[in-house]
Amino acid sequence: MKSEPALVLLLIASTLVDYFCALRIYATDIQRTKKIFAGISIFVNIGILIAFKYLFFFSTSLASLLEFFGIAAPLEEAEQSYHISQILLPVGISFYTFQTMSYTIDVYRGNVKPEKHLGIFALYVGYFPQLVAGPIERASTLLPQLKKKVTINIKNIEQGLIMMAWGFFLKIVVADRLGIYVDEAYADPESPHGFSLILGAIFFMFQIYYDFSAYTTIAIGTAKILGVDLMQNFDRPIFAKNSSDFWQRWHISLMLWLKDYIYLPLINKVKLKKLTATLIVFFIVGLWHGANWTFVVWSMLNALLIILEVSIVKPSKKALIAKFKFLEFFLNKIHWFFGFAYFLVSLVFFRSSSVSSAVVYIKSMFNLRSLHINLLNNYLELFLCVLFIIIVQLIHYYKGNDKVYELVLDKPQYRKWLICFAYILVIVLFGINRQNSFIYFQF
């Protein structure tokens with residue numbers, strides 16, 4: 001991943017192409033012309049993604065497949081040919097290409113009118129709080145806010161600062177602390193200490209959740225100070241009732257994008273079955289996260305779980321509850337537990353460098369002969385990891401990320417100052433002092 005200044009040209013290219021394509025789509029009544037310019041927008045944006053994010057992946061995957069059948073050039077030659085594509089991966093490319101592409105599609109569908117002011121449209125595409133890791137905003141909600149007159153609003157500033165502070169807490173106190181243990185666990189996937197690997201998998205699930213929601217919360221808080229409301233990207237996913245519910249709460253902006261621009265068209269226009277469309281969408285989810293088969297395996301495992309839930313688990317559970325009403329509570333809890341455990345195991349593929357490494361890690365997780373879990377040889381750090389997870393989950397249960405400021409602003413003035421002082425003290429004392437970028441910067 002590189003953040004070289006020259007790569008801003010890609011952002012400019014996406015902006016200019018979609019700006020002019022949208023104007024041309026709106027200016028004509030000829031459906032064929034509309035389709036041509038909508039196609040140009042999609043072709044350019046997807047082309048940029050493929051060229052700078054997936055060309056190396058596709059070429060090496062194809063080379064491996066052909067070499068398996070004895071008809072390909074050596075894999076080393078393919079790696080050498082496309083090594084430049086792996087190096088020059090622009091920061092936030094998956095986010096801003098999806099955002100600007102959705103604008104052109106919405107104009108084509110007649111859902112929004114094109115923005116005539118190039119500067120305002122460029123601000124929409126490159127709005128700095130959410131440029132590199134979302135949330136992926138729609139033109140219908142963000143553009144009007146960027147055009148309105150902004151005045152100093154003390155309430156917005158207070159709420160925004162608190163949300164930013166909460167995001168920094170999630171990142172440097174909790175997520176980065178969990179990351180230390182996770183790094184140790186995944187560094188040795190063949191460890192004989194199965195319980196330590198299980199704990200590493202659990203910690204990674206919370207690490208990626210807190211890390212990504214931390215960035216989103218900081219972005220939302222920053223925009224709030226500037227008088228702009230960004231959409232929430234997480235809605236307490238750990239408390240989801242089932243897998244389908246979970247994916248409506250996790251990375252909401254991406255899942256809504258895929259639903260509106262891929263899933264529904266596949267069902268309504270292409271006439272695919274819902275289960276087939278689900279598999280296609282989750283395959284895209286995997287590739288969107290990274291050019292590695294580990295992400296695809298992770299996403300397809302979750303797609304299979306949703307299909308099993310819809311086709312087998314839900315009907316069976318409904319039939320049992322109809323006959324034995326008293327089982328409802330226990331069946332719901334068992335359903336939640338197994339869904340939670342399944343997602344946790346699937347994330348091993350997300351975190352691992354290769355599919356084979358993930359398989360080894362999962363196998364080692366079931367080696368439960370040793371009770372050793374303290375990989376860091378520091379029980380205080382282990383205790384702090386668990387303690388902070390409990391604290392954050394309690395706050396999420398009662399408030400969620402979007403209402404966390406109520407814990408401070410609804411209090412008397414002296415309590416506000418005490419809470420702020422205690423909060424700063426916690427960050428200073430327990431913050432992890434090492435340079436860690438947000439995990440989703442790589443996507």
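The values are calculated or read from the model by the stated rules, or taken from the named source; none is laboratory data. It should be emphasised that the depicted structure is a prediction, and the values quoted were computed from it without experimental measurement. Cβ: placed from backbone, ideal geometry, glycine included. Neighbour counts: every protein chain shown. With ligands, DNA and RNA removed, areas are computed over all heavy atoms of the protein, side chains included. Shrake-Rupley method; radii C 1.70, N 1.55, O 1.52, S 1.80 Å.
Annotations
- When the range 414-443 is limited to residues that are among the β-branched types (Val, Ile, Thr) and part of a helix (DSSP H, G or I), the one that is surrounded by the fewest Cβ atoms within 10 Å (Cβ to Cβ) turns out to be 428.
- Test: residue in the range 316-339 that is in contact (Cβ under 8 Å) with a residue 60 or more places away in the chain and closer than 22 Å to residue 182 by Cβ: yes
- When the range 213-240 is limited to residues that are among the polar types (S, T, N, Q) and assigned to a loop (DSSP other than H, G, I, E, B), the one that is least open to solvent (accessible area, probe 1.4 Å) turns out to be 233.
- Residue satisfying all of: in the range 285-329; among the hydroxyl-bearing types (Ser, Thr, Tyr) and surrounded by fewer than 18 Cβ atoms within 10 Å (Cβ to Cβ); farthest from residue 345 (Cα to Cα) among these: 316
- Criterion: farther than 18 Å from residue 200 by Cβ, in contact with a Leu (Cβ under 7 Å, 6 or more places away or on another chain) and surrounded by 13 or more Cβ atoms within 10 Å (Cβ to Cβ) - qualifying residue of 399, 411: 399
- Count of the range 351-392 residues which are touching a Gly at 6+ places or on another chain (Cβ under 9 Å), among the aromatic types (Phe, Trp, Tyr) and part of a helix (DSSP H, G or I): 1
- Scanning the range 227-260 for residues that are touching a helix residue (DSSP H, G or I) at 6+ places or on another chain (Cβ under 8 Å) and hydroxyl-bearing (Ser, Thr, Tyr) yields 243, 244.
- For residue 333, the criteria (1) open to solvent by 70 Å² or more (accessible area, probe 1.4 Å); (2) more than 30 Å from residue 196 (Cβ to Cβ); (3) charged (D, E, K, R) hold in every case but one, which is (2).
- Of all residue pairs spaced 6 or more apart or on separate chains, those with beta-carbon atoms under 7 Å, a first member in the range 111-133 that is at pLDDT 90 or above and a second member that is small (Gly, Ala, Ser) are 111/140; 112/139; 112/140; 114/22; 124/139; 125/14.
- Test set (1) more than 30 Å from residue 222 (Cβ to Cβ); (2) surrounded by 14 or more Cβ atoms within 10 Å (Cβ to Cβ); (3) out of contact with any helix residue (DSSP H, G or I) (no Cβ under 8 Å at 6 or more places or on another chain); (4) not polar (S, T, N, Q) - residue 341 fails condition number: (2)
- Test for residue 379: is it under 19 Å from residue 238 (Cα atoms) and open to solvent by 40 Å² or more (accessible area, probe 1.4 Å): no
- Subset of the range 241-268 that is of a type in the set (Ser, Thr, Tyr) and open to solvent by less than 30 Å² (accessible area, probe 1.4 Å) - its residue that is nearest to residue 99 (Cα to Cα): 253
- Residue in the range 382-404 that is of a type in the set (Lys, Arg) and closer than 27 Å to residue 214 by Cβ present: yes
- Subset of the range 421-443 that is modelled with pLDDT of 80 or more and out of contact with any helix residue (DSSP H, G or I) (no Cβ under 7 Å at 6 or more places or on another chain) - its residue that is nearest to residue 135 (Cα to Cα): 424
- Only one entry in 195, 168, 203 is among the aromatic types (Phe, Trp, Tyr) and buried (at least 19 other Cβ atoms within 10 Å of the Cβ), namely 203.
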